[in-house]
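Data block below; observations after.
None of the figures in this text is laboratory data; all of them are computed from the coordinates on show. As the structure is a prediction and not an experimental result, all values here were calculated from the model. Cβ: placed from backbone, ideal geometry, glycine included. Neighbour counts: every protein chain shown.
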Amino acid sequence: MKKLISVFVLSSMAVGSYAKDWSAIRFGVDPTYPPFESKDASGKLAGFEIDIGNEVCARLRAKCVWVENDFDGMIPALKARKFDAVLSGMSITAQRASQIAFTNKLWNSSLRLVARKDSGLLPTAESLKSKTIGVQQGTVGETYAKQHWASSNVTVVPYQNQDQVYADLTVGRLDALLIGDVQAQMGFLQTPRGAGYAFVGDRVVDPTSDKGAAIGLRKEDTDLREKINQAISDMRKDGTYDRIDKKYFKFDVYGS
């Protein structure tokens, strides 16, 4: 009898560890990256990825729960099960892929240096020598700047969120910032506080982060990854993705 009970308990534990209930999906988000995720005047989350996430949940007949978290803590919080997935402008990189899984690509962008139009700066270590560059913690911009510029007397300053980077740039504490081009264009350069600033130099070629941005998940949650991938695929086929894209952009953000 004891043996039968043990077998039953072990079987129940095995089933419980694999049979997951996705009636609610918790997305980790850092709402400081318009137009992908931010808060409107009423404090409600809004943006391209917010709309994408809500549509995914609707198709999976799941409740969407948005959990705010600083970007640099997204992967530890995901692993600690504070939420089920990261939907917050996370680029696919080999370093991140060694820790978590990713869905298929959601959108794409390139790194650009932003500075005053008359700064004369270029995104090179030589041009940025003795300059101070702002980046958001945990982003591919931070990784690139530290790897390629910091050893050449370029001061790289990480910030907890992107709004802080913009603020210090506009008051002169920073000479420039390194950021994704779409985020910079829509969230800063096309706003009043971005007056007088522009992309300087060419796009920054970073082969470690050229696979686009996607939703990050725990590696063991293969069932959720498959469900989300199917939902995204269906959205692209039936025109829903394009409709959301055109709501925020005047170009195809998927292939930019």
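Values for this structure:
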item	result
Cα-based equivalent ellipsoid of the chain: semi-axis lengths in Å, sorted from largest, via gyration tensor	38, 21, 15
The chain - share of DSSP beta bridges that are antiparallel (%, nearest 5)	55
Kirkwood hydrodynamic radius over Cα pairs of region 32-143, then Stokes diffusion coefficient at 4 °C and 1.567 mPa s, in µm²/s	79
Selection from Ser23, Cys57, Ser152, by position along the positive dipole direction of the chain (Cβ)	Ser23
Net length gained if the chain between Lys44 and Leu122 were fully extended (0.36 nm per residue, minus Cα distance)	24.3 nm
P(r), alpha carbons of region 108-256 - 10 Å bins starting at zero, rounded %	10, 36, 31, 17, 7, 0
Residue of Pro35, Pro158, Pro207 that the Gaussian network model of the chain assigns the largest fluctuation, springs spanning Cα pairs under 10 Å	Pro207
3J(HN,Hα) from dihedral phi, region 121-126, Karplus parametrisation 6.51/-1.76/1.60, rounded to Hz, x for glycine, proline	7, 10, x, 10, 4, 5
Lysines whose Cα lies under 17 Å from that of Lys117, excluding same-chain neighbours fewer than 8 positions away	Lys131
The chain, helix-only ellipticity at 222 nm - DSSP H runs n ≥ 4, -39,500 (n - 2.57), divided by all residues, nearest 500	-10000 deg cm²/dmol
Set of lysines with alpha-carbon distance to Lys63 below 24 Å, sequence-local pairs under 8 removed	Lys20, Lys39, Lys44, Lys79, Lys82, Lys105, Lys219, Lys227, Lys237, Lys247
